[in-house]
Each structure stands twice: as structure tokens, then as C-alpha cells.
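Take a look at the structure below.
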Amino acid sequence: MDKIYNISIVLSFLGLWITSIVHGEYEIILGFILIFSFGILHGSNDILLIENISNKKTKHPFFKVLGVYLLTVFSAVVLFYYIPIIAFILFIIFSAFHFGEQHWESKMKKSNPFFVKLFYLFYGLFILFLLFLFNATEVIEVIYSITNYTIFEEIIIYGLVSSSIALVLLALKLFNTIQNFNIIIFKELFYLIVFAIVFKVSTLIWGFTIYFILWHSIPSLFEQVHFIYGSFKKETIINYLKGAFPYWLVSLFGIVVVVSIFKEEKLLYAILFSFIAAITFPHALVINKMFKHKKTQSN
């Protein structure tokens, strides 16, 4: 995983170079292209993960997963439409925990699961609030377009400070649990500096894209391919892509249709977030089960 993170550092600064030569509008377009390609792809193979976790083969998995997926999308759309503020808060919480778990799970030894889960949550919240702080104006506008609620920059600052304090206290609580804590803590602090630079220089969408693709989706793909096929090499990557392609295609088609219908509506942001949330909610649960299954097998 360290090799992947080293590559991510180089590509992150390449992404910053792109910001110096590409206009902000094109950054946003490129960001959405990457999010709806690699980003959605990393959450498109949940059925294979479920089958490997349960060791039970299901009949007609594509149509079952498609039905559940469409139902989840519909539920997310309804939630964003009727109580968007609750839907948005749930999306932030699920995303934060998912980001933290993906980044830290392999570094954790056995410990109190409650504090470990809190650590995952507050690490993810710290990343998100850091992104929000450096793009506060854009974030406030996006949140208003989704929820019709206006938040103030002070709320973002309080969120960042609170998550920072909680993260430090939990790190002190768990430092005996984190493998090679004294060594990796300096790496992790350096990663946070990289994130801060990226978020400061980039637009909201481009900064999120760099983090989401390079620091979350690609490491997640590595974990998933290794879990399903036992190794990460050309053949297993191709097999993973073949398995994920139908679900990714359906997701992309649905997004294109919805965007084409609602492109002139204020509801567009809510629709886009509902699609992302529809993938994030079940995917976060599946990945959590995958990590639990890996720990069970290793014991």
C-alpha cells in the first residue's frame, strides 16, 4: 500500500500542475469525469465482494443487485427531496467513516472497536472539513442548493477544530493499537500536509477528485481485487473490471439520463448527490463487512 500512496503523492502534485494550465470550469468537468469513472467503478463490484464474504452463490445476481441499486437510488432521491438536510448529514457521516476505515484499517491491531470506529469517523470528518474550509464559499453555495439551508463559515471552522481535537485524543488512546505508530505518524502528518496544499490550490470539485480517486478509490480497488482474487496483478485487475463493468455502465447510464432531464433544475445537485449517496451507503457497509471478514480469516 505504501507504493500506492507514493504514487498518489506524485499524481497529487501532477493534479496541482493541471490546475495551473486548465481553467476552473474544465477542472470541474474533468473532476466529474474521474468521479463517475474511477470513483463509481470502485463501488460497482459489491456483488462479488458479498459472494466472497458469504461464500454463497446467488442466482441472477445482476438483476438482483440492479433491483436493489435502483431501489436505493430511488430512496436516496426521495430522502434528498423531502428531507435534504438529514440526507446530506447522513451522506457526510457515511463518507467520513468510509474514508477513515479505508485509510486506517490495515494499520490497526486488535483494540476496542468502539474507539477504532470513532477514529475512522473523525479522521474522515477532518479530511472533509479541511476540504470545506479551503473552499468555504463553494461549499456554502452547494449545501444551500441541496438543502435550502445556509450555513456559515464558522460552522466549518468549528467542525474542523472539533474533529482535530477528537482525532488527536483518539490517536493518543489508540497509539498502542496502531502498527508502528511512531513511524507512520510522520507519514500521516505529511499526507495531511499534501491534502491541505491540494485543497488550498484546487477548486472544490478538483480537490475532492484528487483525494477521492488517488487516496481512496485506487487503494480501495487494490484491497478489493486482492480480497476477491487473492492477488493484485494484470489478470486479476482485468477480471475485476469485467465483473464491475455491467454495474458501472448501469450507474453511468442512470446518471446521464437524470442529468439530461434535470440539467436546468436547481434539483440537479441533489440528484447527483443522491446517486453518489446511493453508491456510498451500501458500499460503505459492504467494505466494512469485507474488512471484518479479512480479520476473521486472519485469526
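The values are calculated or read from the model by the stated rules, or taken from the named source; none is laboratory data. Only a predicted model underlies this, so the values are computations on that prediction, with no experimental measurement involved. Heads up, the Cβs are rebuilt from the backbone with ideal geometry, glycines too, and the neighbour counts pull from every protein chain shown. Calculation scope for accessible area: heavy atoms of the full protein, side chains included, ligands and nucleic acids excluded. Shrake-Rupley method; radii C 1.70, N 1.55, O 1.52, S 1.80 Å.
Some points to look at:
- Any hit, the stretch 158-173, residues being under 26 Å from Ala76 (Cα atoms), over 19 Å from the mean Cα position of the chain (by Cα) and without any contact (Cβ under 8 Å) to a residue 12 or more places away in the chain: no
- Of all residues making up the stretch 80-104, the number that are out of contact with any Ser or Thr (no Cβ under 7 Å at 6 or more places or on another chain) and open to solvent by 50 Å² or more (accessible area, probe 1.4 Å): 7
- If you go through the stretch 143-163 and keep only what is in contact with a helix residue (DSSP H, G or I) (Cβ under 6 Å, 6 or more places away or on another chain) and assigned to a helix (DSSP H, G or I), you end up with Ser145, Ile146, Thr147, Glu153, Ile156, Gly159, Leu160, Ser163.
- Filtered by the rule that a residue be free of Cβ contacts under 8 Å to residues at least 60 places away in the same chain and among the hydroxyl-bearing types (Ser, Thr, Tyr), the stretch 186-243 gives Tyr229, Ser231, Thr236.
- Within the stretch 166-201, being open to solvent by 10 Å² or more (accessible area, probe 1.4 Å) and not in a helix (DSSP H, G or I) holds for Phe175, Asn176, Thr177, Gln179, Asn180.
- Some residue of the stretch 223-236 being open to solvent by 20 Å² or more (accessible area, probe 1.4 Å), at pLDDT 90 or above and in a helix (DSSP H, G or I): yes
- Residues located in the stretch 237-261, provided they are at pLDDT 80 or above, out of contact with any Ser or Thr (no Cβ under 9 Å at 6 or more places or on another chain) and buried (at least 17 other Cβ atoms within 10 Å of the Cβ): Tyr240
- Among the residues listed as Lys117, Lys110, the single one being surrounded by fewer than 22 Cβ atoms within 10 Å (Cβ to Cβ) and in a helix (DSSP H, G or I): Lys117
- Residues in the stretch 145-162 that are modelled with pLDDT under 90 and surrounded by 14 or more Cβ atoms within 10 Å (Cβ to Cβ): Ser145, Ile146, Thr147.
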